[in-house]
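The values are calculated or read from the model by the stated rules, or taken from the named source; none is laboratory data. These numbers were taken from a predicted model, which means no experiment stands behind them. Neighbour counts are summed over all protein chains in view; Cβ atoms, including those assigned to glycine, are modelled from backbone coordinates with ideal geometry. The area values use the complete protein model at the heavy-atom level, side chains included, leaving out ligands, DNA and RNA. Shrake-Rupley method; radii C 1.70, N 1.55, O 1.52, S 1.80 Å.
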Amino acid sequence: MSDSRAVARAIDALRRGWPIALRDAHETVALLAVETADDARLKAFDVTGEANILISAARAATLKLANQIDAAAPEKPVIVARAPWIDLAGAVALADPALDLATPLKGPYRTLPCRGSDAAGAALELARLAGLLPAFFVAGAAPGIEVTITPDDIAVYDDSRALVIAARARLPVEVAEHSEIVAFRSLDQAGEHVALIIGTPDGTPPLVRLHSECLTGDVLGSLKCDCGPQLHGALDEIAAQWGILLYLRQEGRGIGLINKLRAYSLQDQGFDTVDANLRLGFAIDARDFGVAARMLRLIGQERIRLLTNNPNKVERLQAEGIDVLERVPHQMAPNPHNQGYLDTKRDRTGHQL
């Protein structure tokens, strides 16, 4: 039987620098997150100094450790054989591409096959859920294991069907006095998603905007992206008719705030937003649009017009059973700081700009 509570404990343990174990049908592996380990925790986890390092294929490709087949599947796991010179600092340098220029990497490295690929792949997904770099010290066994989980446990934990309406209230906003806010909570995960229903439903399909949380753009006014202008522009467009803004707590296309800032650092080094995510070891877009589909169903709207420049959003919502009747363009004027970002969205992720 799957246990989502165990996954919550595992995420907490990883963020605190404590070891966990992942068990699949073939083996059980002990894991210690590279990002939150320190010398004392690593020594307790790996007394003999022989634990290997688990990273993503995307990161391994950057380090010239993955062949073309591996590199084609960014989330595929790759194990790097631990060498005597790979201490904690060396492991961090392996894991974090933002340090590539500051920390010359030592080599050569040797990769090993992932026998328990289910467990190894699930570990990378668990890192994303925890907001950590997808990199672990990995061993067959270790002392002090906090919790043992399975890939099925992670699948249940990350199930959008667990989302429920937690609260709703009238919320007059600047663009529309007649608005209602609806908060959604997962029974398993922390963090609440929000829907703002603007105007009065009139029987026509609502104009819907899916907006992923962006602290830097929405709150701080970052010029590196177009998120802030898109958010406020969507409110204006919806208010001119009636519709729904879904505010999804999926910062950084699903990789979390800290990893998004790491991606920013890579962009400062000359990488575009796609390559930055891949070099970190994540998918180009790790968001779960099943969450948005569940939110729409819970408020009784399964036939919508979608305000987006991203055809992939249309396809992924339709795959979740939402009937998208029309894609409505949503374009913002560029600025000198985000022109390259917008060009990348057009050229590499299919946005129709």
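Does residue 314 fit the bill of being within 18 Å of residue 250 (Cα to Cα) and either touching a strand residue (DSSP E or B) at 6+ places or on another chain (Cβ under 8 Å) or not assigned by the TED database to the domain that holds residue 213 (or both)?
Yes; evaluated as a whole, the condition is true for this residue.
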With the checklist (1) farther than 22 Å from residue 134 by Cα; (2) open to solvent by 10 Å² or more (accessible area, probe 1.4 Å); (3) not in a helix (DSSP H, G or I) in hand, flag the one item residue 284 doesn't pass.
(1)
Output for the stretch 195-204, where each listed residue is surrounded by fewer than 18 Cβ atoms within 10 Å (Cβ to Cβ) and touching a residue at least 24 places away in the same chain (Cβ under 8 Å):
200, 201, 202, 204
Would you mention how many residues in the stretch 74-91 are over 20 Å from the mean Cα position of the chain (by Cα) and modelled with pLDDT of 80 or more?
10
Restricting attention to the stretch 126-136, does a residue exist that is of a type in the set (Gly, Ala, Ser), in contact with a Phe, Trp or Tyr (Cβ under 9 Å, 6 or more places away or on another chain) and in the same structural domain as residue 55 (by the TED database)?
yes
Tally, over the stretch 111-131, of residues that are open to solvent by 10 Å² or more (accessible area, probe 1.4 Å) and part of a loop (DSSP other than H, G, I, E, B)
4
Residue ID - farthest from the chain's Cα centre (by Cα), chosen from residues in the stretch 31-68 that are modelled with pLDDT under 95 and assigned to a strand (DSSP E or B):
52
Residue satisfying condition, being out of contact with any Lys or Arg (no Cβ under 7 Å at 6 or more places or on another chain), part of a loop (DSSP other than H, G, I, E, B) and in contact (Cβ under 8 Å) with a residue 40 or more places away in the chain, within set 301, 267
301
Any residue in the stretch 287-297 that is open to solvent by 20 Å² or more (accessible area, probe 1.4 Å) and farther than 28 Å from residue 176 by Cα?
yes
Flagged in the stretch 313-352 as open to solvent by 30 Å² or more (accessible area, probe 1.4 Å) and touching a Phe, Trp or Tyr at 6+ places or on another chain (Cβ under 9 Å), in numbering order, are 316, 319, 320, 334
Selection over the stretch 5-25 where residues are in a helix (DSSP H, G or I) and open to solvent by 20 Å² or more (accessible area, probe 1.4 Å) yields a count of 6
Within the stretch 170-200, track down each residue that is more than 20 Å from residue 122 (Cα to Cα) and not in a strand (DSSP E or B).
171, 172, 174, 175, 177, 178, 187, 191, 199, 200
Go through (1) among the small types (Gly, Ala, Ser); (2) open to solvent by 30 Å² or more (accessible area, probe 1.4 Å); (3) at pLDDT 80 or above and name the single condition residue 71 misses.
(3)
Pick from 167, 142, 89: which is assigned to a loop (DSSP other than H, G, I, E, B) and more than 24 Å from residue 277 (Cβ to Cβ)?
142
Do we find that residue 179 is touching a Pro at 6+ places or on another chain (Cβ under 7 Å) and modelled with pLDDT of 90 or more in this structure?
yes
Based on what the data block shows, is residue 246 open to solvent by less than 20 Å² (accessible area, probe 1.4 Å), farther than 19 Å from residue 127 by Cα, assigned by the TED database to the domain that holds residue 314 and under 23 Å from the mean Cα position of the chain (by Cα)?
yes
Just to check your reading of the model, which residue among 28, 48 is surrounded by 14 or more Cβ atoms within 10 Å (Cβ to Cβ), more than 25 Å from residue 256 (Cβ to Cβ) and of a type in the set (Val, Ile, Thr)?
28
Can residue 307 be described as of a type in the set (A, V, I, L, M) and surrounded by 18 or more Cβ atoms within 10 Å (Cβ to Cβ)?
yes
